[in-house]
Amino acid sequence: MRALIKYFISYPVLGNAIFLAIFLFGFLAFQGMKTTFFPDVPPDTIFVSASYPGASPEEIEEGITLKIEDKLKGVTGIDRVTSTSQENSATITVEILPGYDPNVLLQEVTNSVDQISSFPAGLERIRVYKQEQIDFVVAYAIYGDVALQQLKTYARRIERDLRNREGITKITLSGFPEEEIEVSVREDDLQAYSLTFQEVADAVANSNLKITGGTILTPEEELLIRSDNKGYYAAELENIVVRSTETGTPVLLRDVADIRDRWSDDPDRSYYNGKPAVIIDVSKTSDQDMFTVARQTAAYVEDFDTRHGDISVSLLRDGSGIVQERAAILGNNGLIGIFLVVLFLSFSLNPRMAFWVALSIPLCFAGMFLLGSFYGLTINVVSLLAMILVVGILVDDGIVIAESIYQEHEKGLKPIDAALKGTMEVLPSVVTAVLTTIIFFMIFLFLDGAFGQRFKDIAFVVIATLLISLVEGIFILPAHIAHSKAIRGKPGKKGWLMRNSEAFIHFQRDRLYAPLLRFCISNPLVAVVVPVALVFVTIGALQGGIVKMTFFPIIERDNVSVTLEMPAGTRDAVTDSLLASMEETVMKVNEEYRETYGVDSDLVTAIGRTIGPGTHQGGLRIALAGSQERMVSSMDAANLIRERIGRVPGAEKLQVGGTGLWGMPVSIALRSDNLDQLHGAKEFLEDGLNSMPELKDISDNDTPGLREVRVTLNERARALGLSESEVMSRVRYGFFGYEAQRVLRGIDEVKVWVRYDESDRSSVRDLEHMRIRLADGRAIPLGEIAGFELERGVSSVNHIDAQRVVKVEADIANAKESVPDLLERIEQEIMPSLMQQYPDVSYDFEGQSRESGKTTGSMKSILPALLGMMFLAVVFSFRSFVQAAMIFVMIPFSLVGVVWGHFIMGYILSILSLFGVVALIGIVINDSLVFVNSFNNRLKEGGAFEESVFRVGISRFRPIVLTSLTTIAGLGPLMFEQSRQAQFLTPMAISVAYGLLFGTILTLLMLPALLVLFNRLRLIVLRLATGTEPAPEAVEPAVREDFFRKESENNDCHDV
């Protein structure tokens, strides 16, 4: 290694060539990187979806869901299976255990589902798929004084044109139901012609078709035989022949039915600021760039809007804008951080030397970008945060090496010799410091959960940057310094800034630090007891709620969602009128906002209103002004809107704000096969949550379903030979419909339904009067052969691992609330009484609690191994377990700074704060490593123990303070960032900066005290064991090692 370093110092052109190559290729790699909000993560769930039109949730559960869940029990690699059975469909979600290949598991799940042969008739094809990662980019609303069909036509044109542009593939339209052709049969005409539903449906299916009949091979040419009688619109089906009478007169379809083109009964409707609209959502896949997609879409929409005066296209929500804002904020903070790092270097080092040290910043980033092009790195909020985090760290080794070279040069060595000796002097501690930091940052590679996996980019960015920094610091930096004017030639007169900065540092070192260091060396027990007392005070502050904790920070949004759910069966007109009233109320918030804050701008810029998927369901999508333009956060805006909306009479669910990225703050899954106890426990829990003012929008997924008409055949039906299957299939044809066929209009698949007209199926009386045709041709009203009973059904049936479950959820009313404390209160005050009253019910915490549990659980499992690796690296460096233990003792004490840093800055501790602690642990021991290494070297040179401790403290004061200040300076802009878009990342910066600040004080004061304490302990043990009184330095590992080394060398010489 020494020879290689000497070669690079002697021939700097090699290092410069490598520098330029890395910088050039790194820049090119950066230009080709894509932009996303969060990093791309592999899929960790597999979905199974089944459609069974007309079936109730219980039918879906029994006939589909339970069978699939049972088959999946034997599949290896499944974490758990959740399912929702609702009217017409079922969705089964398979969560994959970490470490299993999603593609392999997808095939196994597919094979398991394919083995089931007892699915009910009428079940449509089951889909098994893994969810592709899709990131929302932008949403537009197209509206105007035209019919909905025309709006759809325009929207389809926009969709087609955008798909034809390179890089845009994910476009969804909403705001209109599916189109269908309805053949509304008339019961009296069916009776007159003795026809059945089946005959009418078969006539449509067998006549409305396009079919080939082979070919005719003539001597001259080949002729294709075809029949083309297919109609695509209602008018084209009217003349289909259903049957011919005995006289040969054809009975046409229009003779027994009304045929019309219509929208389906699905209430899918959208409005933009109160006007009917079609919403166009544009998203991106993992291999597409968000900003490119947004720019191309915006350019096309602007041109389209200009060319069509009868409609308007307006921006509803811009997801790329919020990402761009966050990226710009983090990028600016990073640049400011780099400037501050360089500024602090210039204050403390020779300006030219500071320049060469700071030059490693762009080089390391360029190298990281180059490696990132192979790793698949994207520019996102996590990678940008990692870059800000590492700015101050990556110059640490450069500072240490540069300081060491400068000190050797001041001793009289020539520049090349000083560069070589200075580098070799600190090489072990520098390498160990970088490796320990890298080792601990590796923890981000092993995090589980949706949240944890999105932070793996931190590990890559930090590790790649530090590796490049280590190579640059060992091989390139010494050559730059050795051949620069920093140490060549006569030293010039120092400028005013340099003189004053040095005077300030010397004042801090000699007047403030030196007396404190003397005191700590003389009174080591006091120097250790004070930090221990602070640890206990900090623990008390956490337990007393002075410093609060939560799972996930609140992420600022550019919109507020409102979800409304009325009792099942509520007509869409009623739901729509309630949402329209809410829309008017929300618009009035602007006036109140302007008056309160004395501004001219609006808080709410646009409102999208939707109805669906059920007639009793709907919501508002409220677009807010940009976070830099408004005076309140999105959560405060949501609370204001919630307060103004007030209580909606009869609403089963009203939620303002929506579910977070990682679930609701309070989410409790109640499990039981005893449905009575399950429902009772749900009511009990909701009453308890409603009594907590810290919570809002309490809801559950066990809302009552539609009222059901239960049909029961009587004795007369049995006597006539009728069965439930036969009768109910005919009822289904008339009231739900019989799908005769499907036709394709453009890209829309249009179903042709045969059923009663809506006016003939609008009451229970219509059901009673429906006629059931017997085999002998007689038709008997259904009311004569069956009884009817009205009962309320369920809207959905939910399972976790095949067990019935009801999930009760709530949101926090204030962003400063401690979610763990709230859950602890719920578990201690509500759940014991619930369990006592409903013993058959069990419960689990879901939502953010479960998601954070995955991440912290994986962290706990890998933490001991990484700490062990770090410990061994330090032991190998110092060849002393005791000194390694002393360094690791510093870690828990530095957490005091983390806790009180959050208190000072007004933040609550979150999982991002924990991530900051992880980063801190990898950083905080670096200064201790250099301190102890310098201490050992001074002892080997023959220094007295206590004087060596003092002199090392004085000599290492500037580099230790400087390395800490550069790291803190790099994070400073992010800590004090006022933009709400970046503040959710601030807790991580606070943990590192304040933890490092306190850790630096501990390194300068507590570590010397620990060295003295352990030295005195060794002396006591040796005195008791041998009765001798050795010198304090004689029992130190470095001196003993040096003694044994010299003794071994002497023995070797004697043998020769």
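Quick notes on this one:
- Long-range neighbours under 7 Å by Cβ, at least six apart or interchain, first residue farther than 20 Å from residue 620 by Cβ within the stretch 544-560, second buried (at least 20 other Cβ atoms within 10 Å of the Cβ) and aromatic (Phe, Trp, Tyr): 552/451; 552/662
- Summed over the stretch 849-880, the residues that are assigned to a helix (DSSP H, G or I), in contact with a helix residue (DSSP H, G or I) (Cβ under 7 Å, 6 or more places away or on another chain) and either outside the structural domain of residue 929 (by TED's automatic domain parsing) or small (Gly, Ala, Ser) (or both) give a count of 5.
- In the stretch 552-567, of all residues being in a loop (DSSP other than H, G, I, E, B) and over 26 Å from residue 816 (Cα atoms), the one that is farthest from the chain's Cα centre (by Cα) corresponds to 567.
- The listed residue being part of a helix (DSSP H, G or I) and at pLDDT 90 or above, out of 534, 542: 534
- Note on the stretch 189-244: residues that are in contact with a helix residue (DSSP H, G or I) (Cβ under 9 Å, 6 or more places away or on another chain), of a type outside the set (Asp, Glu) and outside any helix (DSSP H, G or I) amount to 11.
- Residue, surrounded by the most Cβ atoms within 10 Å (Cβ to Cβ), within the stretch 419-436, restricted to residues that are among the polar types (S, T, N, Q) and touching a Leu at 6+ places or on another chain (Cβ under 6 Å): 429
- Considering the stretch 646-678, the residues that are in a loop (DSSP other than H, G, I, E, B) and among the charged types (D, E, K, R) include one that is surrounded by the most Cβ atoms within 10 Å (Cβ to Cβ), namely 652.
- Filtered by the rule that a residue be touching a residue at least 60 places away in the same chain (Cβ under 8 Å) and more than 27 Å from residue 977 (Cβ to Cβ), the stretch 888-930 gives 889, 890, 892, 893, 925, 928, 929, 930.
Yes/no per residue for (1) within 30 Å of the chain's Cα centre (by Cα); (2) closer than 24 Å to residue 544 by Cα:
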site	(1), (2)
844	yes, no
873	no, no
879	no, no
896	yes, yes
907	yes, yes
910	yes, yes
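- Only listed residue being in a loop (DSSP other than H, G, I, E, B) and either in contact with a helix residue (DSSP H, G or I) (Cβ under 9 Å, 6 or more places away or on another chain) or among the aliphatic types (A, V, I, L, M) (or both), chosen from 287, 265: 265
- Options 586, 537; residue that is β-branched (Val, Ile, Thr) and within 30 Å of residue 916 (Cα to Cα): 537
- Residue check, residue 789 in contact with a strand residue (DSSP E or B) (Cβ under 9 Å, 6 or more places away or on another chain), outside the structural domain of residue 1017 (by TED's automatic domain parsing) and not in a loop (DSSP other than H, G, I, E, B): yes
- Helices (runs of 4 or more DSSP H) completely within the stretch 407-492 that count 2 or more residues being in contact (Cβ under 8 Å) with a residue 12 or more places away in the chain, over 43 Å from the mean Cα position of the chain (by Cα) and not assigned by TED's automatic domain parsing to the domain that holds residue 932: 415-441, 477-482
- Top-ranked residue in the stretch 568-615 [being of a type in the set (A, V, I, L, M) and in a loop (DSSP other than H, G, I, E, B); ranked as surrounded by the most Cβ atoms within 10 Å (Cβ to Cβ)]: 603
- Residue match in the stretch 335-347 (condition: of a type in the set (S, T, N, Q), modelled with pLDDT of 80 or more and more than 30 Å from residue 144 (Cα to Cα)): no
- Boolean, residue 207 is under 25 Å from residue 255 (Cβ atoms) and modelled with pLDDT of 85 or more: yes
- Test: residue in the stretch 810-817 that is small (Gly, Ala, Ser), closer than 24 Å to residue 450 by Cα and touching a Phe, Trp or Tyr at 6+ places or on another chain (Cβ under 6 Å): no
- Matching residues in the stretch 792-841 - criterion: being assigned to a loop (DSSP other than H, G, I, E, B) and within 25 Å of the chain's Cα centre (by Cα): 801, 813, 814, 815, 816, 817, 818
The values are calculated or read from the model by the stated rules, or taken from the named source; none is laboratory data. Owing to the predicted nature of the structure, the values given are computational and were not obtained by experimental measurement. Note that each Cβ is placed from the backbone with ideal geometry, even for glycine, and that neighbours are counted across all protein chains shown.
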